[in-house]
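Every number in this text was worked out from the coordinates using simple rules, so none of it is lab data. Keep in mind it's a predicted model, so treat the numbers as computed, not measured. Cβ: placed from backbone, ideal geometry, glycine included. Neighbour counts: every protein chain shown.
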Amino acid sequence: MQAIRSLIAPKWSSEARLDGKTAIVTGANVGIGKETAKDLAGRGVRVILACRDMAKGEQAARDIMREVKGAKVVARQLDLADTKSICQFAENVYNTEKFLHFLINNAGVAICPYGLTVDGYEMQFGVNHLGHFFLTFLLLDLLKHSAPSRVINLTSAAHNMGKIHFDDLKGEKNYHPVRAYAQSKLANILFTRELAKRTEVLGVTAYAVDPGMVDTEITRHFRRPLGVIVKTLNFLIKTPAEGASTSVYCTVTPENLLLTGGYYKDCARADSCRAGQDDGTALKLWAVSCHLLGIRWR
């Protein structure tokens, strides 16, 4: 089992410093997000932990400051299921930060019972895709001002099962939690692809990151049989720190060694499924997302 563990553990490492840079990590109070924030703080980055639960966010900030000497971290409230909260978070960032070099869209919900966001979107599509799409839109001016800057969107291997159901984005006709999750993770890749085309000339690059199978709280809604399988194959599951490695890789690796709009896993460039490379679907998703959010983003 140890030999198998060594195969799935990331081989990449870097001592690169990022002093003077600022990053936002959504969902940074636990799991991959917390480990990503901790790593970046250790490289000299000022990290904003964007968390729905402020008590947990503030505890995560204290943990990181205790574990990383000189860490500069602060927790701020962000509920990606509520566009009003996203607007308030963005306004706070503009009021307090002069620069934003890295936006790491890490937060997410997975395979949950049917539910709607505050604004009436299906929860997984609303949080995993629309929430981060809107947040990126609102923070783009600061990202441009801070260029070169990067947007990193976390996706999942589940995108391979995904299809964008444009005729049923709310899941009202035929909701299935796994299908809805896969759709949202495919949307993350398509968003990254289209965003990269539009922002590269502005000095803002974008990357989709698949952290792999990671032991985090996002699995809390998994049904019992799947939970048993996960426990049985525990030796194949990455730790949160291992899961964070590709996010860190796409944050610290020199831009000339990365492909904007690309899909990355295990600290290397990879190929998404064919649907994730469909420029027509990416463009349509962009237009539909703007329409749903009531924004104009050219």
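Points to keep in mind about this one:
- Distances between placed amide hydrogens fall under 5 Å for residue 206 paired with 151, 261, all partners being 5 or more residues away or on another chain.
- Cβ crowding within 10 Å averaged over residues, with 177-189, 24-36, 247-259 ranked highest first: 24-36, 177-189, 247-259
- Exposure proxy ranking, count of Cβ atoms within 10 Å, fewest first, for 271, 278: 271, 278
- Scaled radius of gyration (Cα, divided by 2.2 N^0.38 Å) that segment 1-135 gives: 1.13
- Anisotropy class of segment 10-50 from Cα gyration tensor, a/c 1.5 cut: oblate
- Shown for 200, 15: other C-beta atoms within 10 Å of each C-beta, ranked fewest to most, produce the order 15, 200.
- Bins of 10 Å from zero: percent of alpha-carbon pairs in segment 94-209: 15, 44, 28, 13, 1
- With contributions of -39500 (n - 2.57) from each DSSP H run of at least four residues, the per-residue ellipticity at 222 nm computed over the chain stands at -13000 deg cm²/dmol.
- Exposure proxy ranking for 138, 202, 100, based on other Cβ atoms within 10 angstrom of each Cβ and starting from the fewest, stands as 202, 138, 100.
- Phi to ³J(HN,Hα) by Karplus 6.51 cos²θ - 1.76 cosθ + 1.60 over segment 152-166, Hz, x for Gly, Pro: 10, 10, 7, 10, 7, 4, 4, 4, 4, 9, x, 8, 7, 8, 4
- Within the chain, the percentage of alpha carbon pairs spaced more than 25 angstrom apart rounds to 43%.
- With θ taken as phi - 60° and the Karplus curve 6.51 cos²θ - 1.76 cosθ + 1.60 applied, the whole-hertz 3J(HN,Hα) list for segment 108-121 is x, 10, 9, 6, 9, x, 4, x, 10, 6, 4, 8, x, 9 Hz, x standing for glycine and proline.
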